[in-house]
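The values are calculated or read from the model by the stated rules, or taken from the named source; none is laboratory data. Since we're looking at a predicted model, the values are computed, not measured. Cβ coordinates were reconstructed from backbone atoms using ideal geometry, including for glycine residues, and neighbour counts include every protein chain displayed. Each accessible area value is taken on the protein alone, full model and side chains, heavy atoms only, with ligands, DNA and RNA left out. Shrake-Rupley method; radii C 1.70, N 1.55, O 1.52, S 1.80 Å.
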Amino acid sequence: MLWVDKYRPKTLDQVIVHQEIAENLKKLVTEQDCPHLLFYGPSGSGKKTLIMALLRQIFGTSAEKVKVENRTWKIDAGSRTIDLELTTLSSTNHVELSPSDVGFQDRYIVQEIIKEMAKNRPIDTKGKKGYKVLVLNEVDKLSREAQHSLRRTMEKYSASCRLILCCNSSSKVTEAIRSRCLNVRINAPKEEQIVKVLEFIGKKEGLQLPPGFAARIADKSNRSLRRAILSFETCRVQQYPFSSNQAIPPMDWEEYVSEICSDIMREQSPKRLFQVRGKLYELLINCIPPEIILKKLLSELLKKLDEELKHEVCHWAAYYEHRMRMGQKAIFHLEAFLAKFMSIYKAFLIATFG
Amino acid sequence: MAPLLQSSQPWVEKYRPKQVKDVAHQDEVVRVLTNTLETANCPHMLFYGPPGTGKTTTALAIAHQLYGPELYKSRVLELNASDDRGINVVRTKIKDFAAVAVGSGQRQGVYPCPPYKIIILDEADSMTEDAQNALRRTMETYSKVTRFFFICNYISRIIEPLASRCAKFRFKQLPEEIMSNRILHICNEEGLTVDTEALSTLSSVSQGDLRRAITYLQGAARLFGSSISSKDLISVSGAIPREVTEAIYAACKSGDFDLANKEVNYVIAEGYPVSQMLAQLFEVVVGVDDISDEQKARICKSLATADKCLVDGADEYLQLLDVVSNTMRALCNMPQEFSYDI
Ligand SMILES: Nc1ncnc2c1ncn2[C@@H]1O[C@H](COP(=O)(O)OP(=O)(O)OP(=O)(O)O)[C@@H](O)[C@H]1O
Ligand SMILES: Nc1ncnc2c1ncn2[C@@H]1O[C@H](COP(=O)(O)OP(=O)(O)OP(=O)(O)O)[C@@H](O)[C@H]1O
Ligand SMILES: [Mg+2]
Ligand SMILES: [Mg+2]
């Protein structure tokens, strides 16, 4: 098992970061009338960990006995039936899924599942009717229609089915949904906190950490706890005992992006553009999300550019990312951004050096 | 639906008014509907307005008050965006429902039970235009025996032929005193104490949305106990602290791109919603008096562009960075046009 999973705290008492939020969550579920919750925050900040620990707090260890199912829904859409397949994780008291995985048909899933859950309401130990919890991941990726579908259902079945929504950017969740939840912001852990987690894992694994080593990993992690733990484990595989100046390896794909940046700064021509196209494809094939590629490209370029150019380049990055979102083929827009960059940079070079 | 256990419902549901007269601040519609209760006459209705202002509450309350619990099921059809409302469904479901006769309007006890059925189309703005068009005919065909209640946030999404058949009511955001009254009522029931400062904070962070105010109140009550302060409410509301917005603005003023980029990264890492950041930045920009109108206009233009892009699903970091870059260029009087863009 990877360390990120092995050392994921199981209960709200065990968390190393976000302790205050964990305490608050405990208080929140002391009564049966907890409102719907929306967890939001950057990737790798610990949302999922808290949600799972919260479920355990509400339902006890039974929440950990989950089964993974590939479920098919048959949707009656008037003139035809639609088959939708989706992986669900469920225990007796909760169901977890990522409806955006079925693309624009996500609304059917949210429509069906809540009604279905509301129908079989569990009985809790005191013989009272309890509620079930539906965890929806990546709600920022839900289509507008799906988000609209959630609105009234969330209210109508709120006695029997409580929702825990999880996403990275809450700006993409409609006002109407946010207004129906208690919003819980999970910020990325500070570097000191990441160091604490790494030291904890080091101790459990019986490792000797040179001074400042954990801090260097944390510094390279971009405040993502997941990323820090992953690179810690990679370091362990590459060389142990650790040496204090041991390199913290970047992710493969990031190195690749850096290469692209050097390529386009060295030469601006259609030929070069054609060459880097191959590299972009390579990244996309390896399932690196296009907006992540674009952001990494930008951050690498910003390191090397003059003040004046930084403004221009960041503008075009925002511009093409937006277009990419509206369009269909990511590669067009990534390439358009690179072409734009080349043209600006070339104009700059000519103006500066003749 | 099975009878609900009171205690297991979130407060927003627990304190949803059951009677039209308890709906706060929407006097016009309350007056018309109170009249309906006496005369049993009711036009088609269209409720529109921002979230959490009582639209759904009002529609459900009048339906319950007209028919009572026994007839409710057979007389009221509630369709919302969670039901499939393609053209076919609209045609069949509504037809099936409307076609069954209701008999004569016999008053039953306190319930007027008028001789028509009510169809509530909640969240009607998410219906397709085709489905709405299909409704026109249905409305006409069954106009004697049905009344439609359309509910939506944006009236512009309702096609004109439907809207013009209805009596339209705009639901207004709740002003501070009305909201405070309602909140105080809940505090009373739940045994909470709030001071006036907390009440005014609650009203400002929830921006006229009573549902949000109630949710914050419940959150604060669970987290911080029965005596609730303004600080507690700010913390559950997830508002962005002033210092953060001010740091961004100061970075823009400094003219140092890397510094501004660092601040933007901070906002993202802290998980603050960028849409809200834009709103708060807007207030700062409009409020300062040491920059020209032209500079303000430049900044506001870029805020508007970014807001639209966010709605389209664009990346939060890139949009905020673009706004910050534009703001910096406006504040430092850098030219609006790019030099190397050909
Ligand atoms: N409170 C915590 N204390 C200690 N370690 C934690 C804590 N939260 C998370 N972690 C560690 O960080 C890893 C990443 O956290 P998690 O999967 O919860 O992130 P996430 O916010 O759901 O990210 P994403 O948005 O990318 O899905 C976990 O696998 C766990 O090892
Ligand atoms: N005018 C009001 N008077 C009393 N309570 C209200 C009022 N408006 C909202 N509320 C409270 O807020 C909750 C949500 O209100 P309601 O469902 O009617 O909002 P809505 O206008 O239908 O919003 P949306 O557009 O998001 O569907 C209610 O349960 C009630 O507790
Ligand atoms: Mg996760
Ligand atoms: Mg409503």
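Odds and ends about this structure:
- When A:S169 is tested against the conditions (1) facing chain B (nearest Cβ under 8 Å); (2) surrounded by fewer than 21 Cβ atoms within 10 Å (Cβ to Cβ); (3) within 16 Å of ligand 1 (Cβ to nearest atom), the lone failure is (2).
- Count of the range B:6-17 residues which are at pLDDT below 95 and surrounded by fewer than 16 Cβ atoms within 10 Å (Cβ to Cβ): 2
- Subset of the range B:271-282 [at the interface with chain A (Cβ under 8 Å from one of its Cβ atoms) and either under 13 Å from B:S237 (Cβ atoms) or surrounded by 23 or more Cβ atoms within 10 Å (Cβ to Cβ) (or both)]: B:Y272, B:P273, B:V274, B:Q276
- For the range B:293-342, the candidate set comprises residues that are within 7 Å of another protein chain (Cβ to nearest Cβ) and over 14 Å from A:W316 (Cβ atoms); within that set, the residue that is surrounded by the most Cβ atoms within 10 Å (Cβ to Cβ) is B:E316.
- All told, A:L225 meets the bar of being more than 30 Å from A:Q275 (Cβ to Cβ), within 26 Å of the chain's Cα centre (by Cα) and of a type outside the set (D, E).
- B:V264 closer than 30 Å to A:E308 by Cβ, in a helix (DSSP H, G or I) and among the hydrophobic types (A, V, I, L, M, F, W, C): yes
- Positions within the range B:86-104 being modelled with pLDDT under 70 and more than 10 Å from every other protein chain (Cβ to nearest Cβ), in sequence order: B:S104
- Near pairs, Cβ below 8 angstrom, 6+ apart or cross-chain, from the range B:138-153 (away from ligand 3 (no atom under 16 Å from the Cβ)) to any residue that is open to solvent by 30 Å² or more (accessible area, probe 1.4 Å) and among the hydroxyl-bearing types (S, T, Y): B:I151/B:Y48; B:C152/B:Y48; B:N153/B:Y48
Table: residues versus (1) open to solvent by less than 20 Å² (accessible area, probe 1.4 Å); (2) farther than 25 Å from B:A260 by Cβ; (3) in contact (Cβ under 8 Å) with a residue 24 or more places away in the chain.
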position: A:Y256; (1), (2), (3): no, yes, yes
position: A:K296; (1), (2), (3): no, no, yes
position: A:H322; (1), (2), (3): no, no, no
position: A:I331; (1), (2), (3): yes, yes, yes
position: A:L338; (1), (2), (3): yes, no, yes
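- Any hit, the range A:262-283, residues being touching a residue at least 24 places away in the same chain (Cβ under 8 Å), open to solvent by 40 Å² or more (accessible area, probe 1.4 Å), more than 14 Å from every other protein chain (Cβ to nearest Cβ) and among the charged types (D, E, K, R): yes
- Which listed residue, of A:N183, A:N187, is within 16 Å of ligand 1 (Cβ to nearest atom), of a type in the set (S, T, N, Q) and part of a loop (DSSP other than H, G, I, E, B): A:N187
- Top-ranked residue in the range B:12-37 [being over 20 Å from A:Y157 (Cβ atoms) and free of Cβ contacts under 8 Å to residues at least 24 places away in the same chain; ranked as farthest from the chain's Cα centre (by Cα)]: B:N35
- B:A330 being within 31 Å of the chain's Cα centre (by Cα) and modelled with pLDDT of 95 or more: no
- The set of residues from the range A:1-24 being over 19 Å from A:I186 (Cα atoms) and open to solvent by less than 20 Å² (accessible area, probe 1.4 Å) comprises just one member, A:W3.
- In the range B:51-74, the residue that is nearest to ligand 4 (Cβ to nearest atom) out of those that are open to solvent by 10 Å² or more (accessible area, probe 1.4 Å) and among the aliphatic types (A, V, I, L, M) is B:L60.
- Odd one out for B:V205, checked against (1) under 28 Å from the mean Cα position of the chain (by Cα); (2) away from chain A (no Cβ under 14 Å); (3) β-branched (V, I, T): (2)
- Some residue of the range B:220-228 being assigned to a helix (DSSP H, G or I), at pLDDT 90 or above, within 10 Å of chain A (Cβ to nearest Cβ) and open to solvent by less than 20 Å² (accessible area, probe 1.4 Å): yes
Yes/no per residue for (1) open to solvent by less than 30 Å² (accessible area, probe 1.4 Å); (2) of a type in the set (V, I, T):
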{"residue": "B:L233", "(1), (2)": "yes, no"}
{"residue": "B:R242", "(1), (2)": "no, no"}
{"residue": "B:A247", "(1), (2)": "no, no"}
{"residue": "B:A269", "(1), (2)": "yes, no"}
{"residue": "B:V284", "(1), (2)": "no, yes"}
{"residue": "B:I291", "(1), (2)": "yes, yes"}
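- Which numbered condition A:V133 misses (of (1) in a strand (DSSP E or B); (2) open to solvent by 20 Å² or more (accessible area, probe 1.4 Å)): (2)
- Checking A:K27 against (1) more than 25 Å from A:N187 (Cβ to Cβ); (2) more than 16 Å from ligand 1 (Cβ to nearest atom); (3) open to solvent by 50 Å² or more (accessible area, probe 1.4 Å); (4) in contact with a helix residue (DSSP H, G or I) (Cβ under 9 Å, 6 or more places away or on another chain), the condition it does not meet: (1)
- Residue within the range A:205-212 that is more than 30 Å from B:K308 (Cα to Cα), part of a helix (DSSP H, G or I) and away from chain B (no Cβ under 14 Å) present: no
- Among residues of the range B:35-55, those that are at pLDDT below 95 and part of a helix (DSSP H, G or I), counted: 5
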